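Just below is one structure, and these are the notes that go with it.
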Amino acid sequence: MKLPHEVIEEDNVLSSLFQGSIPAHIVVATWDAETIVPINRASAKEMWSGMAKVLKKDYKKSADKAVKGLQRMLVEYDKLDGRVAELEAQLAAKESNGQDARAKKLRNELADLEKERQDLLAQEQKLRNLELRPNPERDGEDNEA
């Protein structure tokens, strides 16, 4: 959430988040503000470190591992897209030359690549699901037993 400049003024309810001679430019926090990570410089490394610390509080799985897995998947998507583009170009050429047998084989290869894409999408969904930890207070459930 982007906050107005006035939050650094002493009478503002959020001023405690921005104390010191050089207040943080960004603050990452859990939903209940129990974990607050001020970020003084907006470097990617510092920003990710703060976000990972906050995510670790509310999620069962590691965001670091998920991001590394997703980065590997991007390479796989790129390879797959390159292969699809190559086969589609070959298919267009074969169809225009009337080479139906070769065109059929290329269509089958493209269908196989589509199955690979669906498998990658399923793997991606699995990586993206960090599994939110149950929290009755946050989730609005009664704590009465």
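Bear in mind that the values in this text are calculations on the coordinates, not laboratory data. All of these numbers come straight from a predicted model, not from anything done at the bench. All Cβ positions, glycine included, derive from the backbone under ideal geometry; neighbour counts span all protein chains shown.
Out of curiosity, is SER16 free of Cβ contacts under 8 Å to residues at least 24 places away in the same chain, on the phi < 0 side of the Ramachandran plot and part of a helix (DSSP H, G or I)?
yes
Only residues that are of a type in the set (S, T, N, Q) and either surrounded by 14 or more Cβ atoms within 10 Å (Cβ to Cβ) or over 22 Å from TRP31 (Cα atoms) (or both): list them for the stretch 94-139, please.
Selection gives SER96, ASN97, GLN99, ASN108, GLN118, GLN123, GLN125, ASN135.
Can you tell me which of LEU132, LEU121, LEU113, LEU91 is in contact with a strand residue (DSSP E or B) (Cβ under 7 Å, 6 or more places away or on another chain) and more than 30 Å from PRO23 (Cα to Cα)?
LEU132
Can you name the residue in the stretch 10-38 that is among the aliphatic types (A, V, I, L, M) and exposed (fewer than 11 other Cβ atoms within 10 Å of the Cβ) and, of all such residues, is farthest from MET51 (Cα to Cα)?
Taking the candidates together, the pick is VAL13.
LYS56 passes all but one of (1) surrounded by fewer than 16 Cβ atoms within 10 Å (Cβ to Cβ); (2) out of contact with any strand residue (DSSP E or B) (no Cβ under 9 Å at 6 or more places or on another chain); (3) under 24 Å from GLY140 (Cβ atoms); (4) not acidic (Asp, Glu); which number fails?
Tallying (1) surrounded by fewer than 16 Cβ atoms within 10 Å (Cβ to Cβ); (2) out of contact with any strand residue (DSSP E or B) (no Cβ under 9 Å at 6 or more places or on another chain); (3) under 24 Å from GLY140 (Cβ atoms); (4) not acidic (Asp, Glu), LYS56 fails exactly one: (1).
Out of (1) out of contact with any strand residue (DSSP E or B) (no Cβ under 7 Å at 6 or more places or on another chain); (2) loosely packed, with under 14 Cβ neighbours inside 10 Å, what's the single condition that is false for SER49?
Status for SER49: all satisfied but (2).
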